[in-house]
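Enquirer: Okay, here's the structure, questions in a sec.
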Amino acid sequence: MPTMGSAMTERVAFFDTPLLYLKGLGPQRTELLNKELNLFSYGDLIQYYPFRYDDRSRFYTISELMDSMPSAQIRGRIREWYQEGEGPKKRLVATFQDGTGSMTLVWFQAIAYLEKTLRRDGEYIVYGKPQSFNGQFSIIHPELENTATAAEHEAGFFPVYNLTEKLRKRHLDSKAIGKAMRILLEQSWPHIRETLPDSLIQQFRLISKRDAMWNIHLPQNQAWLKQAQRRLKFEELFYNQLRLIKNKLIQKEEFPGQIFRDTSLMKHFYKELLPFELTLAQQRVIKEIYADFLTGKQMNRLLQGDVGSGKTIVAFISCLLAIGNGAQACIMAPTEILADQHYNGLKPFAESMGLNIGILTGSTNKKRRVVLHDELQSGKMHILVGTHALLEDAVQYKNLGLCIIDEQHRFGVAQRAKLWRKNEVVPPHILVMTATPIPRTLAMTLYGNLDVSVIDELPKGRKPIKTVHKFDKHRSEVFGFIRQQIELGRQVYVVYPLIEESEKLDYKDLMDGFESMQRAFPRPKYEIGILHGKMLPYEKDDEMKRFLKNETQILVATTVIEVGVNVPNASVMVIESAERFGLSQLHQLRGRVGRGAEQSYCILMTGYKLSSDTRTRLETMVRTNNGFEIADVDLQLRGPGDLTGTQQSGVMDLMIADLAKDGPILTAARDSAQAILAEDPELLLPQHAPIRNHLDGIKQTESNWGRIS
Ligand code: ADP
Ligand code: MG
């Protein structure tokens with residue numbers, strides 16, 4: 001169909017136009033957008049959606065303010081102002097009143113300028129996030145508009161884009177991007193094609209793609225914004241599901257699986273060698289896995305269990321079922337440290353059974369690799385533990401029957417697909433283990449018809465970790481406690497936040513913290529290690545090993561230690577600036593202690609001023625050790641797009657949908673995708689032309705697919 005073909009090239013060509021051609025942008029700002037945001041073409045920019053909207057369509061009174069408001073606009077008068085604090089804490093505090101109450105406005109920057117320009121008793125419109133401290137509301141760094149001098153107050157909804165400091169310095173703020181977007185949208189209008197078939201638009205009462213694109217950037221009002229979001233989320237999830245289903249990544253029913261019936265090897269281990277009793281939950285999960293092994297279909301199971309619940313032994317016993325039936329097994333971990341740990345932990349078990357276990361990571365040398373490859377192909381090697389290196393094409397098995405993936409959220413769909421192909425005719429059974437409870441909707445999207453097992457019980461005799469919240473000014477008391485614990489032979493983690501936005505500042509915090517720890521815990525009595533993301537892999541490994549061997553008593557680190565590390569002798573976890581961590585992250589970090597027989601402690605350090613959400617997070621941590629309870633609270637508190645890092649890590653490449661919140665849209669999108677592919681697997685029917693065209697158009701970006709965090 002030549003006409004359709006040319007329509008498509010024209011469309012693609014338009015959105016491929018380099019940003020340089022966009023009126024009013026200019027070469028310098030274009031280059032900044034290239035460098036800072038990776039935006040190169042019209043298509044890139046138009047798909048750079050706002051991450052929130054300023055609702056300037058209505059005014060609130062001070063008496064109406066609530067902590068839960070993301071932002072509010074208030075009209076009132078500035079009565080007086082004064083300076084408070086010293087050094088970096090120096091700030092300007094102004095009293096702001098509107099007849100219903102009084103609040104404060106706080107600035108840490110531009111103090112001199114503000115003092116010169118603020119008008120006492122002048123009327124202002126302020127805008128920002130209200131937060132209450134001891135019943136008094138305040139806004140830190142509010143936007144300020146002087147009603148006497150402002151030309152005209154613009155009411156409405158304004159897009160707020162995720163921008164960097166550099167962009168803002170060059171006056172590419174949300175307002176400027178919004179302006180450029182208006183020009184782009186006007187020009188794009190005739191080129192925006194509908195991407196969904198009419199039937200779906202009717203069925204789900206979606207607005208058109210054009211209207212959606214316009215209103216996602218420049219919403220006419222709240223109602224249009226909602227519709228635009230719904231439409232684009234549906235589209236995104238529809239294509240996401242369509243692709244997964246089409247690539248057969250989420251249709252396990254179609255795959256046969258090996259049957260592992262013989263339990264004698266497993267029973268031998270269980271009765272003769274297992275050094276402890278399995279918990280009832282562990283026993284139940286093993287039964288579930290065994291039942292899967294009998295079906296003749298490929299197992300595709302997610303095992304959720306809180307940190308320390310004993311997932312590794314369940315993994316090992318599953319391996320024994322595979323091996324006892326003539327197959328091989330592999331265990332894949334996200335880092336070398338974790339792979340080493342699994343290997344060293346399982347080796348004694350394997351050897352006592354007369355089984356061969358090997359390890360393959362990025363640092364395995366060539367000679368060793370050659371031997372390993374041989375042993376895998378001949379079937380001599382029974383269990384292979386490793387990192388992503390396991391995915392390399394050179395790694396071939398005689399008969400791979402089971403793949404276990406630990407700490408799933410570091411792996412993408414593409415990696416999983418690669419594992420499946422490691423066994424030619426019958427794909428291996430897959431067991432994904434995670435300590436982060438994943439909401440059902442996310443599990444469904446990542447793994448389709450994934451079955452879920454849960455270990456909801458900790459081994460007997462574990463002493464629950466004691467968690468306390470301390471303010472920064474009690475630091476010397478905390479240091480005293482750390483000294484005591486080290487006297488007792490224990491080890492201590494001290495963790496600092498590292499959040500990308502302000503990476504430089506965080507890095508400085510970490511280094512400052514490290515130095516102050518060195519002053520408080522001097523050599524030679526104490527040895528302190530440091531671990532952060534900027535170190536090379538071998539440097540990290542060395543530091544970790546020193547800590548494991550108790551050569552360092554204190555490990556100062558960023559969240560690189562978050563996942564899975566097991567140092568049983570470490571009994572204290574100090575989390576600095578705990579207010580800056582998410583709840584599930586705090587729980588993960590805490591899970592690094594409490595792994596030995598000793599009483600363990602988690603100390604959450606914060607400053608005084610805490611928002612109500614932060615207080616809820618800290619209270620939850622202090623109250624409970626239960627990961628599922630914590631996940632629940634987390635889901636309730638969490639803002640959009642903050643799901644266990646999965647969304648940001650590129651596993652799903654979602655730009656607008658939020659798996660934590662958009663469950664119903666996901667279900668609808670998935671059912672639709674399934675129905676359409678069932679009726680028309682090759683998408684050849686004329687009514688499905690929009691889908692076909694869209695898929696052709698986005699093929700180029702396909703390589704994004706397997707991105708790993
Ligand atoms: P996680 O689920 O966090 O991966 P691990 O598998 O690392 O937990 O187990 C944590 C520790 O608990 C290990 O030292 C393991 O040997 C031990 N463990 C596992 N199951 C039991 C059990 N049923 N009884 C006693 N200790 C157990
Ligand atoms: Mg583990």
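The values are calculated or read from the model by the stated rules, or taken from the named source; none is laboratory data. Keep in mind that this is a model prediction, so the values were computed, not measured. Don't worry about glycine lacking a Cβ; one is built from the backbone with ideal geometry, like all the others, and counts go over all protein chains shown. Heavy atoms of the whole protein, side chains included, go into the accessibility calculation; ligands, DNA and RNA do not. Shrake-Rupley method; radii C 1.70, N 1.55, O 1.52, S 1.80 Å.
Enquirer: So, in the stretch 304-349, of the ones that are within 14 Å of ligand 1 (Cβ to nearest atom) and of a type in the set (D, E, K, R), which residue ends up most open to solvent (accessible area, probe 1.4 Å)?
Expert: K347
Enquirer: Over 22 Å from the mean Cα position of the chain (by Cα), modelled with pLDDT of 90 or more, within 16 Å of ligand 2 (Cβ to nearest atom) and closer than 15 Å to C330 by Cβ: is that true of G386 in this structure?
Expert: Judged against the criteria, G386 is a match.
Enquirer: Taking the conditions exactly as written (more than 9 Å from ligand 1 (Cβ to nearest atom), under 28 Å from the mean Cα position of the chain (by Cα) and farther than 17 Å from E407 by Cβ), does M299 satisfy them or not? Give the steps one after another, and end with the answer.
Expert: Values: more than 9 Å from ligand 1 (Cβ to nearest atom): yes; under 28 Å from the mean Cα position of the chain (by Cα): yes; farther than 17 Å from E407 by Cβ: yes.
When the stated conditions are applied, M299 passes them.
Enquirer: If we keep just the residues of the stretch 550-579 that are farther than 22 Å from Q484 by Cβ and part of a loop (DSSP other than H, G, I, E, B), which is most open to solvent (accessible area, probe 1.4 Å)? Give the derivation first.
Expert: Pass one, the stretch 550-579, residues farther than 22 Å from Q484 by Cβ: 558-566, 577, 579.
Remaining after also requiring part of a loop (DSSP other than H, G, I, E, B): 558, 562-566, 577.
Numbers: T558: 4, E562: 30, V563: 15, G564: 15, V565: 7, N566: 53, S577: 33 Å².
Among those that are farther than 22 Å from Q484 by Cβ and part of a loop (DSSP other than H, G, I, E, B), it is N566.
One line per residue, one yes/no per condition, for (1) within 20 Å of L22 (Cβ to Cβ); (2) not aliphatic (A, V, I, L, M):
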{"position": "E165", "(1), (2)": "no, yes"}
{"position": "H171", "(1), (2)": "yes, yes"}
{"position": "A176", "(1), (2)": "yes, no"}
{"position": "R210", "(1), (2)": "yes, yes"}
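Enquirer: Sort through G76, G43 and tell me the only one that's small (G, A, S), out of contact with any Lys or Arg (no Cβ under 7 Å at 6 or more places or on another chain) and either closer than 16 Å to I125 by Cα or part of a strand (DSSP E or B) (or both).
Expert: G76
Enquirer: Select from the stretch 105-133 the residues that are among the hydroxyl-bearing types (S, T, Y) and within 21 Å of D54 (Cβ to Cβ) and write down the one among them that is surrounded by the fewest Cβ atoms within 10 Å (Cβ to Cβ).
Expert: Quick first cut of the stretch 105-133, residues among the hydroxyl-bearing types (S, T, Y) only: 113, 117, 124, 127, 132.
Going one step further and asking which of them are within 21 Å of D54 (Cβ to Cβ), we end up with 124, 127, 132.
Details: Y124: 23, Y127: 19, S132: 14.
Going through the qualifying residues, I end up with S132.
Enquirer: Among the residues of the stretch 453-468, what is the count of those that are crowded, with 19+ Cβ neighbours inside 10 Å and either more than 16 Å from ligand 1 (Cβ to nearest atom) or farther than 30 Å from I430 by Cβ (or both)?
Expert: Total satisfying the criteria: 2.
Enquirer: Sticking with this one: Is it the case that some residue within the stretch 356-374 is modelled with pLDDT of 95 or more, surrounded by fewer than 21 Cβ atoms within 10 Å (Cβ to Cβ) and either part of a loop (DSSP other than H, G, I, E, B) or on the phi > 0 side of the Ramachandran plot (or both)?
Expert: yes
Enquirer: With respect to the numbered conditions (1) touching a helix residue (DSSP H, G or I) at 6+ places or on another chain (Cβ under 7 Å); (2) under 21 Å from V307 (Cα atoms), which one is the sole condition not fulfilled by L548?
Expert: All conditions are met except number (1).
Enquirer: Restricted to the stretch 86-100, and to residues that are farther than 13 Å from I140 by Cβ and not in a strand (DSSP E or B), which residue is most open to solvent (accessible area, probe 1.4 Å)?
Expert: Among them, the one singled out is E86.
Enquirer: Since W420 meets every condition but one in (1) at pLDDT below 75; (2) within 16 Å of ligand 1 (Cβ to nearest atom); (3) touching a strand residue (DSSP E or B) at 6+ places or on another chain (Cβ under 8 Å), which condition does it not meet?
Expert: Condition (2) is where W420 drops out.
Enquirer: Which residues, counting only those in the stretch 291-348, are within 16 Å of ligand 2 (Cβ to nearest atom), part of a loop (DSSP other than H, G, I, E, B) and at pLDDT 90 or above?
Expert: G310
Enquirer: Please count how many residues of the stretch 582-640 are free of Cβ contacts under 8 Å to residues at least 60 places away in the same chain, within 14 Å of V468 (Cα to Cα) and among the β-branched types (V, I, T).
Expert: 3
Enquirer: May I pose another question? Among the residues of the stretch 617-638, which ones are touching a Pro at 6+ places or on another chain (Cβ under 8 Å) and modelled with pLDDT under 70?
Expert: Answer for the stretch 617-638, where residues must be touching a Pro at 6+ places or on another chain (Cβ under 8 Å) and modelled with pLDDT under 70: just L635.
Enquirer: Let me ask something additional. When the residues of the stretch 516-549 are filtered to those that are assigned to a strand (DSSP E or B) and touching a Ser or Thr at 6+ places or on another chain (Cβ under 8 Å), which remaining residue is surrounded by the most Cβ atoms within 10 Å (Cβ to Cβ)?
Expert: L531
Enquirer: Follow-up question, since we're still on this one. So which residues in the stretch 285-314 are farther than 23 Å from P256 by Cβ and among the small types (G, A, S), if there are any at all?
Expert: G305, G308, S309, G310 - these are the residues of the stretch 285-314 that are farther than 23 Å from P256 by Cβ and among the small types (G, A, S).
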